[in-house]
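Structure, as structure tokens:
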Amino acid sequence: MTKHKRSSSRKEAHRVDATPAVQQASSAQADKSMRKPVLLLLAIVLPAAAGYLVATSWWTRDAASPSGHPRIVVGDGKSGPREMVWVPGGQFQMGSDSRLAQQNEKPAHAAKVKGFWMDRHHVTNAEFRRFVEATGYKTTAERKPEWDTIAPQVMPGTPKPPDSAMVPGAMVFTGTPYQVDYRDFSRWWAYMPGADWKHPKGPNSSIDGLDDHPVVQVSFEDAQAYARWAGKRLPTEAEWEFAARGGLEQATYVWGDDFAPDGKQMANVWQGQQQRPFPVVSAKSGGAAGTSPVGTFPANGYGLQDMTGNAWQWTADWYRADQFVRVSKNSEVEVDPQGPSDSWDPSEPGVPVGAPKRVTRGGSFLCNEAYCMSYRPSARRGTDPYTSMSHLGFRLVMDEAGWKHKQASVKDGGSNGS
């Protein structure tokens, strides 16, 4: 396996409470498989340390190690936010110029982020349930769709569906019984009334026994609501990629260059997990593929689990297919880039190029080498903020200042929401 130079600023920190726990190459066809649930809805109805680490120990936390590998720092709820991993920050090459990279990943360019805390794993069903029980929140998939959120995603002049057709639901991967034309994503995706985070595969499914799986069927709006309650925020696209790389500079995967080093499966993606070619699923084996418990596969260099594979992850940025081309023209390296101020994506026929989209990262259990190779750290795509899908979840981050504020709040008798 090729050894990659670690970013010079990926310093190391004390290892405390640490447990070690493929290619977005999102083609135009892959982008189509992620098309807005509302389009299918219209087609159907119109016909989320360190025990001794101290907040002031920046030089200790970021000190280099002779091994050249990052030490893993996991908060214990006292010296750092519980079950969040410290990502030291620094400058790195964002995006990719590899032969696997799609145009929206190019060119690789310098970016810089400050240190931050990140959830060790996806927000789970159990964690999301606590939020819902505490707040009474209803996700977008559980509410009647609103035309104001649908209209920007369809071409001007598209008639509004009848009110009776606007029913709660979400996008579900159904798979196919045999190989089909990849150009027709509707063969393996369906807008399913009654699908939501408690019923991710449809109204007859449930999450019983899946407390430690990533919560899915959550929209960007849902993830934002959870983040406000938890006192955290969604990562920027730059923060997400820096964290996903785990200290490896321009490696193909978050663990290195070999997809399965020594024959070991490193992520929940289609190959290695499914016996049949995408999107074929066997009813005898339980039907459509799904998520795995968080932490099933090895963590990356920072101790983050499932940064690629398992479930896609929302980020805070608006999506522009040409964003990396635009920022690469800057003469100075931007610190903590916040992304563009609008969306632009010309890859989806039938969808306005300026339709609102947020960046999603990391790929999922559906990603595969034949159709969607999105389990690389540079892989990216845009998704309608109101989309809920059976392979889309999230994880959150927290700034050091946010952690100090939460500590002060708890001392004053407030709730920390976690």
- [ ] Give the accessible area for Lys138 in Å² (nearest 10); use a 1.4 Å probe, count only protein heavy atoms, and leave out ligands, DNA and RNA.
- [x] 120
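With r as the distance between the Cβ atoms of Arg276 and Lys138 and R0 = 30 Å, compute the FRET efficiency 1/(1 + (r/R0)^6) and round to 0.05. Working shown, then result.
Working: r = 37 Å, r/R0 = 1.22.
FRET efficiency, Lys138 to Arg276: 0.25.
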Task: Net charge contributed by nearby residues that have their C-beta within less than 11 Å of Tyr375 (K/R +1, D/E -1) - done: 0
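Show me the ranking of peptides 334-340, 253-259 by mean Cβ neighbours inside 10 Å, starting with the highest.
On the way: 334-340: 15.1, 253-259: 20.9.
Per-residue Cβ counts within 10 Å, averaged per peptide and sorted highest first, yield 253-259, 334-340.
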TODO: Calculate, in nm to one decimal, what Trp147 and Val325 gain on full extension: separation in residues at 0.36 nm each, minus their alpha carbon distance.
DONE: 60.7 nm
Task: Label zone at Ala260 (point 7 Å along Cα-to-Cβ), backbone N below 15 Å, the range 367-381 - done: 368-370
- [ ] Output the direction-averaged projected area (hull surface divided by four) of the convex hull of the alpha-carbon atoms of the range 201-274, in nm².
- [x] 7.7
Task: Unsatisfied cross-links (Cα-Cα over 30 Å) in the set Lys144/Lys232; Lys201/Lys406; Lys112/Lys411; Lys78/Lys112; Lys138/Lys264 - done: Lys201/Lys406; Lys112/Lys411; Lys138/Lys264
TODO: Would you tell me the accessible area of Met155, worked out with a 1.4 angstrom probe on the heavy atoms of the protein chains, in Å² to the nearest 10?
DONE: 90
Task: Eligible aspartates and glutamates near Lys404 by straight Cα distance, threshold 13 Å, same-chain separation 8 or greater - done: Asp412
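The values are calculated or read from the model by the stated rules, or taken from the named source; none is laboratory data. Here the structure is a predicted model, which is why all the values come from computation and not from measurement. Because the Cβ atoms are built from the backbone with ideal geometry, glycine has one as well, and the counts that use them run over all protein chains shown. These accessible areas exclude ligands, DNA and RNA; they are computed on the full protein's heavy atoms, side chains included. Shrake-Rupley method; radii C 1.70, N 1.55, O 1.52, S 1.80 Å.
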